[in-house]
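Computed from the coordinates by the stated procedures, all read-outs in this text should not be read as laboratory data. Being a predicted model, the structure only gives us computed values, none of them experimental. A quick note on method: Cβ atoms are made from the backbone with ideal geometry, for glycine too, and the neighbour counts reach across all protein chains shown.
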Amino acid sequence: MKLSDLRIVDIFAGCGGLSLGFQNVGFNIVGAIDNWQSAISVYSKNFDHPIYNCDLSIPENSYSIFEKLNCNMVIGGAPCQDFSSAGKRNENNGRGELSISYARIIQHVKPQIFVLENVEGYKKSNKYRQVVEIFTSVGYGLTETILNASLCGVPQARKRYICIGILNGEDGVLLPYLNENLAPYPMTVKDYLGNSLSTEFYYRHARSYQRKAIFSIDEPSPTIRGTNRPISRNYIFHKNDACKNLNKVRVLSTLERSYIQTFPSSFNFDTRNQTKTDLEQIIGNAVPVKLAQYIALALAKYLDS
């Protein structure tokens with residue numbers, strides 16, 4: 001199968017990290033779907049194909065879109081907060097149900113290939129087991145793995161569950177392709193951005209004082225989350241903080257955080273029309289572009305073989 005034969009729809013697309021990574025490799029994205037207008041506005045400024053505002057919690061809402069676009073491949077990552085270590089880890093909060101919606105869409109559309117992305121903890125959930133049952137009942141061979149983004153060209157210690165389904169395929173067929181180009185060492189912020197941040201140390205707000213919050217550019221960034229807070233006046237240093245002098249530490253800007261998510265500086269985040277809160281969440285929720293590109297390259301090699 002050639003890349004040109006595939007017509008991809010990106011669902012739960014957000015601002016388009018997954019779309020951009022696949023597009024960079026040469027895949028043909030023909031449309032996208034999301035239900036958050038702020039993210040849709042950013043997406044639409046960066047891609048020529050349409051993005052549809054559709055509530056995927058009711059999968060049937062989207063079926064006409066897939067038919068209209070003549071889709072034969074689906075990519076996407078349903079919202080992960082209910083499975084994330086940064087959230088409350090309650091898969092029944094509502095957003096967890098959206099991964100079932102993803103599976104129901106695959107069951108109905110029956111694309112030749114799908115790519116599902118979620119947080120590492122997703123695989124421990126009951127929703128995960130339900131989703132896999134749906135996929136296998138339709139006849140998909142599944143390749144499942146956990147990828148650390150810092151080994152895939154991203155300067156960020158962000159681990160993600162990846163599942164690639166091939167209709168009437170065999171389980172695990174893509175593992176060699178996903179593993180063969182993993183870097184031997186994690187990528188640091190300095191490896192990727194050099195000294196362009198003009199600081200050696202930066203602050204990432206921790207969820208408790210039991211966690212490190214000050215990092216060096218000579219290590220991978222922690223996971224970019226949807227919040228970006230200033231340094232507390234009463235900050236208590238952690239024993240593992242990379243620097244103990246707050247005069248040498250600063251918070252990264254919104255756009256700097258997008259660079260660590262490996263969005264190019266040319267990417268238009270529509271900053272004039274977005275609130276800072278929305279932009280931080282849009283960037284934090286995104287699939288890192290270089291991680292998406294890594295997955296796309298592995299899939300392209302498999303298809304070429």
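State, as an integer percentage, the relative contact order of the chain based on alpha-carbon contacts under 8 Å between residues 6 or more apart. Intermediate results must be reported in sequence, preceding the final value.
Working: 601 pairs, mean separation 58.8, N = 305.
Relative contact order of the chain: 19 percent.
For segment 189-267, what is the charge dipole size about the Cα centre, in debye to the nearest 20, if Lys and Arg each add +1 at the Cβ and Asp and Glu each add -1 at the Cβ?
Working: 13 positive and 6 negative charges, 93 e Å.
Roughly 440 debye for segment 189-267.
Computed FRET efficiency, Cβ-Cβ of residue 145 and residue 255, R0 30 Å: what is it to the nearest 0.05?
0.45
For a Förster distance of 51 Å, can you work out the FRET efficiency between the beta-carbons of residue 137 and residue 45, rounded to the nearest 0.05? Show your work: numbers first, answer last.
Details: r = 39 Å, r/R0 = 0.77.
About 0.85, to the nearest 0.05.
Looking at segment 197-294, which trypsin sites (Lys or Arg not before Pro) are in a loop (DSSP not H, G, I, E or B) and have at most 11 other Cβ atoms within 10 Å?
Numbers: sites: 204, 207, 211, 212, 225, 233, 239, 244, 248, 250, 257, 272, 276, 290; in loops: 204, 207, 211, 212, 225, 233, 239, 244.
Here the sparse-neighbourhood loop sites are 207, 233, 239.
Given R₀ = 41 Å, FRET efficiency for residue 64-residue 237 by Cβ-Cβ distance, to 0.05? Don't jump to the answer; show the numbers that get you there.
Working: r = 56 Å, r/R0 = 1.36.
Plugging the Cβ-Cβ distance into 1/(1 + (r/R0)^6) gives 0.15.
Of the listed pairs 110/190; 110/276; 2/45; 110/290; 123/212, which have alpha-carbon separations greater than 31 Å here?
Values: 110/190 43 Å; 110/276 39 Å; 2/45 28 Å; 110/290 27 Å; 123/212 26 Å.
Beyond 31 Å: 110/190; 110/276.
Based only on other Cβ atoms within 10 Å, what is the fewest-to-most ordering of 30, 115, 9?
Working: 30 17, 115 25, 9 29.
Sorted ascending by nearby Cβ count, the order is 30, 115, 9.
Counting only other residues whose beta carbon sits under 14 Å from that of residue 31, what net charge do I get with K and R as +1, D and E as -1?
Result for the local shell: -2.
Within the chain, which is the longest segment containing none of the GluC sites (Glu not before Pro) that sit in a DSSP loop and have at most 11 other Cβ atoms within 10 Å?
Details: sites that count: 170, 180.
Longest run free of exposed loop sites: 1-169.
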